[in-house]
Amino acid sequence: MELHIEELRSSDLKEKRLDKLSFGVDFTDRMFVMEYDKGKGWHSARITKFQNFSLSPATMAFHYGQAAFEGLKAYPRTNAKAALFRPERNLRRMNVSADRLCMPPIDEEFVLDCLKTLVRLESDWIPRGEGQSLYIRPTYVGVDPMIKVHASSKYLFFIILSPVGAYFERGFSAARILVEDEFSRAAKGGTGFTKACGNYGASLKAGEKAAKSGYDQVLWLDACDHRYVEEVGSMNIFFVIDGKLVTPALHGSILPGITRDSTITLARDLGYEVEERMVPIDEVLEGIESGRVQEVFGTGTACVISPVGVLGFKGRDYVVGDGGVGPITRRLYEELTSIQYGKAEDRFGWVHIIE
Ligand code: COI
């Protein structure tokens, strides 16, 4: 398949305001789109101006949520146009999500090439301030204009780009997280291990409940007994217990986060012991009280490594350490972002430079 690149008129170009950025509000001038039709396969790959789609009100994804997304980032560089962080992992995971949702696979290599071309064309949009980056949102939707419950025979895959600042408006400071013991995010056998859009839609109610009580996000427990820790709204979770990093093992209902994987690799390389296992919420809360749980932090593309200062559970706040940012959390944040922003050697081969 050939990639067609549309020329933009000067009237298509927006004013770039990159000084003060919130998360996911502004979008660049261009986007990547390709289409799929059963019998024909993927076709019409193009980079066009950022524009609305015209879709039937009967579009499959609107009714039955046959849709998945990814999130990755491009970072500024001084000697090149940009750097992507482990993009091949996101495209591989997109195909895992696609498979679970009965959607045909994308050609990961081709899409990666198109993504690099898009980021190269839009590299002036990459903000250069502290903690800023260009957030990349590949999205995959079933677009059959038919409301019979079935796997679509037509699909749209697109990538949009958004210059972003920190995911949490308070920046790199400790979050307050509410442990959710009523609602569930995902059960084994469901779509919890994918980035199905519906996973996020189904999480909003609990998120609003948490926000009303003064918390930033929700910590999900297992759907069966509400006993074991799974993940937070937009991130995987880690605990520092007696100096060792502990994170819930991936067993079907937890998202296999790329930042989670990078954090584990980095931590082991720095000499920390890392354990992936079932983590009972009782162990965490007792550990916070006794001081054995020294730090808690989340990991995700959008939020990077995000310290957690308080876990709220059944009307009580459990304050982790002094409620601030712990030393291991800070160190891992600095080590990871140094690789992402090109201040440290890319010793794991994670970075793709875009010349
Ligand atoms: C990401 O970290 O990229 C995510 O996908 C979380 C998102 C819902 C903001």
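The values are calculated or read from the model by the stated rules, or taken from the named source; none is laboratory data. Please read all numbers here as calculations on a predicted model, not as lab measurements. Here the Cβ positions follow ideal geometry from the backbone for every residue, glycine too, while neighbour counts run over all protein chains shown. In case anyone asks, the SASA skips ligands and DNA or RNA and just uses the protein heavy atoms, side chains included. Shrake-Rupley method; radii C 1.70, N 1.55, O 1.52, S 1.80 Å.
Among the residues of the range 278-325, how many are away from the ligand (no atom under 16 Å from the Cβ), β-branched (Val, Ile, Thr) and buried (at least 17 other Cβ atoms within 10 Å of the Cβ)?
So the count comes out to 9.
Name, by its number, the condition in (1) surrounded by fewer than 20 Cβ atoms within 10 Å (Cβ to Cβ); (2) away from the ligand (no atom under 16 Å from the Cβ) that does not hold for residue 202.
Single failed check for residue 202: (2).
When only residues in the range 70-94 that are farther than 21 Å from residue 348 by Cβ and surrounded by fewer than 19 Cβ atoms within 10 Å (Cβ to Cβ) count, which is nearest to the ligand (Cβ to nearest atom)?
The residue in question is 81.
Each row is one residue, and each column tells you yes or no for (1) in contact with a Pro (Cβ under 8 Å, 6 or more places away or on another chain); (2) open to solvent by 20 Å² or more (accessible area, probe 1.4 Å).
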{"site": "122", "(1), (2)": "no, no"}
{"site": "142", "(1), (2)": "no, no"}
{"site": "149", "(1), (2)": "no, yes"}
{"site": "164", "(1), (2)": "yes, no"}
{"site": "172", "(1), (2)": "yes, yes"}
{"site": "189", "(1), (2)": "no, yes"}
{"site": "206", "(1), (2)": "no, no"}
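Filter the range 251-268 for residues that are away from the ligand (no atom under 16 Å from the Cβ), within 27 Å of residue 224 (Cβ to Cβ) and in contact with a Phe, Trp or Tyr (Cβ under 7 Å, 6 or more places away or on another chain) and give the result.
Passing the criteria: 252, 253.
Collect the residues in the range 89-137 that are of a type in the set (D, E, K, R), over 20 Å from residue 166 (Cα atoms), assigned to a helix (DSSP H, G or I) and touching a residue at least 40 places away in the same chain (Cβ under 8 Å), keeping them in residue-number order.
Matches in the range 89-137: 89, 93, 100, 113, 116, 120.
From the residues in the range 167-198 that are within 12 Å of the ligand (Cβ to nearest atom) and at pLDDT below 95, which one is nearest to the chain's Cα centre (by Cα)?
My answer is 167.
Give me the residue from the range 221-240 that is within 14 Å of the ligand (Cβ to nearest atom) and within 25 Å of residue 272 (Cβ to Cβ) and, out of that set, surrounded by the fewest Cβ atoms within 10 Å (Cβ to Cβ).
It comes out as 234.
Scanning the range 19-68 for residues that are buried (at least 20 other Cβ atoms within 10 Å of the Cβ) and within 16 Å of the ligand (Cβ to nearest atom), which turns out farthest from residue 202 (Cα to Cα)?
Only one residue tops the list, namely 21.
If I filter the range 197-219 for residues that are closer than 20 Å to residue 249 by Cβ and among the aromatic types (Phe, Trp, Tyr), do I get at least one hit?
No, the range 197-219 has no match at all.
Restricting to strands (runs of 3 or more DSSP E) lying wholly in the range 213-331: which have 3 or more residues that are in contact (Cβ under 8 Å) with a residue 24 or more places away in the chain and either assigned by TED's automatic domain parsing to the domain that holds residue 84 or closer than 28 Å to residue 68 by Cβ (or both)?
Ranges flagged: 217-221, 229-232, 236-241, 293-300, 304-313.
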